[in-house]
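Encoded as structure tokens, the structure appears first; notes follow it.
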Amino acid sequence: MLLRFVIEIRRITNSPMKIVLIGLVCLLAVFFSYSTVNAQSKKTIILVRHAEKDVSDAADKSDPVLTAEGRARAILLLKAVKKYKPQEIFSTDYQRTRDTAEPTARYRNKQVQIYDASKPGDLITKIMAGRSKRYLIVGHSNTIPPLANMLAKKEIFRNLLDGEHGVIWVIRLKKGELKKVEILPY
């Protein structure tokens with residue numbers, strides 16, 4: 001088919017240089033459309049709520065750090081998601097979420113990217129358009145379940161209770177459609 005196209009172009013243009021240029025443009029278009037479709041074909045998105053935060057009287061009420069238990073849980077998260085090899089790591093812009101993501105980011109030699117939890121559609125658009133296939137997203141008790149629901153395109157998950165930690169959602173998509181959801185303890 002491509003040969004027939006090139007012959008038709010040659011008949012129309014009568015210029016070998018134009019034929020070569022048009023052929024290269026066509027090949028590049030085919031290559032980039034294939035790589036875009038291929039990049040979007042399979043995605044694994046790991047969602048997790050931040051680890052335990054400091055709720056003591058001395059804690060910063062607006063942006064508390066993790067407790068010792070929370071820092072230990074962040075290490076457990078690294079061990080739990082290591083096999084998925086996240087290529088991109090996202091966190092809301094709070095100390096507790098960044099600190100939950102940091103051990104995994106450091107191990108994977110990645111930067112923690114900040115996302116706006118009030119705009120989950122923007123994050124999903126970025127992920128679906130991205131070339132990476134595996135993502136870790138750290139959020140909150142009232143943002144991670146709705147994000148999982150948006151990715152699944154179903155209302156499956158409820159917001160977490162204040163003391164609920166240690167749950168990972170692994171969402172697998174193929175061509176933008178939900179293929180599998182796993183809920184794992186860590």
Q) So which of Lys83/Lys110; Lys83/Lys180; Lys42/Lys154; Lys110/Lys179 end up more than 21 Å apart by C-alpha? A) Lys110/Lys179
**Q.** Dipole magnitude of the stretch 34-128, debye to nearest 20 (Cβ charges: Lys/Arg +1, Asp/Glu -1, about Cα centre)
**A.** 680
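Over the stretch 40-163, calculate the relative contact order: mean separation of alpha carbon pairs under 8 Å at least 6 apart, over the residue count, as a percent. All intermediate terms of the calculation are to be shown ahead of the outcome.
Values: 203 pairs, mean separation 39.5, N = 124.
Computed over the stretch 40-163, the figure is 32 percent.
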Q. From the residues Ile45, Leu123, Ala58, which one has its Cα farthest along the dipole of the stretch 41-185 in the positive direction, the dipole being from +1 and -1 charges on Cβ of Lys/Arg and Asp/Glu about the Cα centre?
A. Ile45
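Where a number appears in this text, it was derived from the coordinates with a stated rule and is not lab data. All values derive from a computational prediction rather than experimental measurement. Neighbour counts run over all protein chains shown; Cβ positions are idealised from the backbone, glycine included.
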